[in-house]
Amino acid sequence: MTRSETLFAAAQKVLPGGVNSPVRACRAVGTYPRFLEKGKGSHVWDADGNEYIDLICSWGPLILGHCNEEVEQAVLEAVKNGLSFGAPTAIEVEMAELVCQMTGVEMVRMVNSGTEAVMSALRLARGATGRSKIIKFAGCYHGHSDSMLVKAGSGALTGGAPDSAGVPAEIAGDTLTASYNDLESVRRLLEVNPAQVAAVIVEPVAANMGVVAPQDGFLQGLRALCDEFGSLLIFDEVITGFRLAPGGAQEYYGVRADLVTYGKIIGGGMPVGAYGGSRELMEQVAPLGPVYQAGTLSGNPVAMGAGLVQLRILQSRPEIYRVLERRGATLQAGLQDALRNVPVQVNRVGSILTVFFTDVPVTGYEQAKSSNLETFKRWYLGLLSHGVYAAPSQFEAMFLSIAHTDDEVETIVNAAKEIF
């Protein structure tokens, strides 16, 4: 028995399913999780000493790779002064100024996770508009707050059904589900619920049903519909923020949202999140306004130190995005060719990719669900055996970092050729 198997057996006695986040259990791919011990650059090592090319990158935030020296040094310096104060610090002001400068939001509030950022942005949207309903998209994930754990009901014009035990039906009923890349489904919901929809929330690039790009005009159309019906547009940029461009998806696609949420990338991979928007909206948040939100660890100085360095590097080195785009395109083309003997779609935006094992183009949730999960299982296990560490779910993304090399991209493509 490997050390990872031994650790997993022990973990299952004290952690639900042996993990602290469900996908890590690797149930969908019929294996046990590899317990990781260290990472450096584009590689990780498990508890048994096996080395892998890492395509998870902590689910996206490690855009500079593991243990970037500048980020690491910032953490060490911050720790010397204290782990947490529960009080204002100068570095959180610097971070807020930089986030506003890079993204175009006028004010930002730091929180502790992407889930908390979304939860807070939705509360703000409801408080600012006086409306209760939210429109989300099937297949888009916005954290595990109650109102977001909703899937499509029996009809496009009805409220959603809870997607998890413990979510009250009355909360789910205020969450309406539209189809990603289908503007007409959004218009119908807005028309059937006049002056009731506080906000439309969307992953500008869907990445939690696998990577699905917005079709031409989709995000622009959402902006126009929200303006027409008096609803706020919320971009959930927990995945896309600072990864697609210094200004995130707003810059990449040229569409402004009313509120934007960010996740762990602004902490260099440490637990952190943020939400931001116009001064008018953000001044509705306590202590200035009636929308309450608080957190002892919000603006934690260690996370701020790591994130500030990472964002400054991304801001000062625009070539990072050009390199990531080129390597992403090379990997996409290589995988599409290597996997030509099986039904496959390789979707990509910038440096995030998903290999869907289906013969139909994936433009939304229904097409993503058509993927062959047994073929994906073979793919995942094959990658693992070739020293490539990828997400153990068909409906997740692969992430490249600037630490990945052209040779490693070629290694991944060659592995794909051998698997199929």
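The values are calculated or read from the model by the stated rules, or taken from the named source; none is laboratory data. Only a predicted model underlies this, so the values are computations on that prediction, with no experimental measurement involved. We place every Cβ from the backbone using ideal geometry, glycine too, and count neighbours over all the protein chains shown. Only protein heavy atoms, including side chains, enter the accessible area calculation; ligands, DNA and RNA are left aside. Shrake-Rupley method; radii C 1.70, N 1.55, O 1.52, S 1.80 Å.
Quick check on my filter: what residues within region 321-352 are free of Cβ contacts under 8 Å to residues at least 12 places away in the same chain and more than 17 Å from Glu418 (Cα to Cα)?
Hits for region 321-352 are Arg322, Arg326.
So Ile171 passes all but one of these: (1) open to solvent by 50 Å² or more (accessible area, probe 1.4 Å); (2) modelled with pLDDT of 95 or more; (3) more than 20 Å from Gly364 (Cα to Cα). Which condition number does it fail?
With (1) open to solvent by 50 Å² or more (accessible area, probe 1.4 Å); (2) modelled with pLDDT of 95 or more; (3) more than 20 Å from Gly364 (Cα to Cα) applied to Ile171, the lone miss is (2).
Which count do you get for residues in region 242-267 that are in a helix (DSSP H, G or I), open to solvent by 10 Å² or more (accessible area, probe 1.4 Å) and within 18 Å of Leu225 (Cβ to Cβ)?
The number of residues fulfilling the criteria is 1.
Would you confirm, using the coordinates I've provided, whether Ile239 is on the phi < 0 side of the Ramachandran plot, under 14 Å from the mean Cα position of the chain (by Cα), modelled with pLDDT of 95 or more and aliphatic (A, V, I, L, M)?
So Ile239 fits the description; yes.
To keep it simple, each residue is scored yes or no on (1) in contact with a helix residue (DSSP H, G or I) (Cβ under 6 Å, 6 or more places away or on another chain); (2) closer than 24 Å to Asp146 by Cα; (3) open to solvent by less than 50 Å² (accessible area, probe 1.4 Å); (4) in a helix (DSSP H, G or I).
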| residue | (1), (2), (3), (4) |
| --- | --- |
| Glu191 | no, no, no, yes |
| Val200 | yes, yes, yes, no |
| Pro204 | yes, yes, yes, no |
| Asp216 | no, no, no, no |
| Leu225 | yes, no, yes, yes |
| Glu228 | no, no, no, yes |
